[in-house]
1. Below 17 Å, Cα to Cα, which aspartates and glutamates can residue 61 reach? Residues fewer than 8 away in the same chain don't count.
2. What residue among 103, 93, 60 shows peak mean-square fluctuation when the chain is described by a Gaussian network model with Cα springs under 10 Å?
3. Give me the dipole magnitude in Debye, nearest 20, for the chain about the Cα centre, with unit charges on the beta carbon: positive for Lys and Arg, negative for Asp and Glu.
4. Please work out how much accessible surface residue 71 shows to a 1.4 Å probe, ignoring ligands, DNA and RNA, in Å² rounded to 10.
5. How much accessible area per residue does the chain have, in Å², with a 1.4 Å probe?
6. Among 72, 40, 61, determine the one that fluctuates most according to a GNM of the chain built with springs between C-alpha atoms less than 10 Å apart.
7. Taking 0.36 nm per residue of separation and subtracting the Cα-Cα distance, what length does fully extending residue 101 through residue 119 add?
8. Could you order 53, 42, 19, 35 by accessible surface area, starting with the largest, using a probe radius of 1.4 Å?
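The values are calculated or read from the model by the stated rules, or taken from the named source; none is laboratory data. Remember, it's a predicted structure, so these values are computed and weren't measured experimentally. Quick reminder, even Gly has a Cβ in these numbers, built from the backbone with ideal geometry, and neighbours come from all protein chains shown. Protein only, heavy atoms only, side chains kept; ligands, DNA and RNA dropped before computing areas. Shrake-Rupley method; radii C 1.70, N 1.55, O 1.52, S 1.80 Å.
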Amino acid sequence: QVKLVESGGGSVQPGGSLRLSCATSIVTWCMGWFRQAPDKEREGVATIFRDGRTTYADSVKGRFTISKDNTKNALYLEMESLNPEDTATYYCVAGWMAGCRFVENEFPNWGQGTQVTVSS
């Protein structure tokens with residue numbers, strides 16, 4: 001079991017920025033972020049593989065940046081140009097799969113989530 005604890009969520013106005021952090025008991029081969037808005041299906045946001053390769057959902061490309069620090073056992077999500085559609089609970093996820101795709105079932109480890117609210 002990989003323990004994941006998210007932090008950094010909060011409220012921000014449209015166009016603003018937030019930096020989410022995830023403290024993990026170990027940096028796995030594949031780590032990432034999913035999000036879920038109220039009454040909506042969870043969706044993948046970004047992933048980062050052990051070699052540094054990253055993937056992003058089309059909706060966040062150019063605005064969000066995923067990164068990790070293996071020495072600190074930490075995962076980050078820098079969010080820029082936030083809009084109301086980004087409002088959701090954001091979850092840190094981790095797994096050991098060779099791929100690193102937006103497939104929920106491939107991530108056995110999930111954090112409790114941190115709330116991000118974007119509104120005027």
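1. Of all the aspartates and glutamates, those that pass the test against residue 61 - Cα under 17 Å, at least 8 places apart if same chain - are 43, 78, 80, 85, 86.
2. 103
3. Value, rounded to 20: 320 debye.
4. That residue has around 130 Å² of solvent-accessible surface.
5. Numbers: 6250 Å² over 120 residues.
Dividing the accessible area of the chain by its residue count gives 52 Å².
6. In the Gaussian network model the winner is 40.
7. 3.5 nm
8. Sorted descending by solvent-accessible area, the residues read 53, 19, 42, 35.
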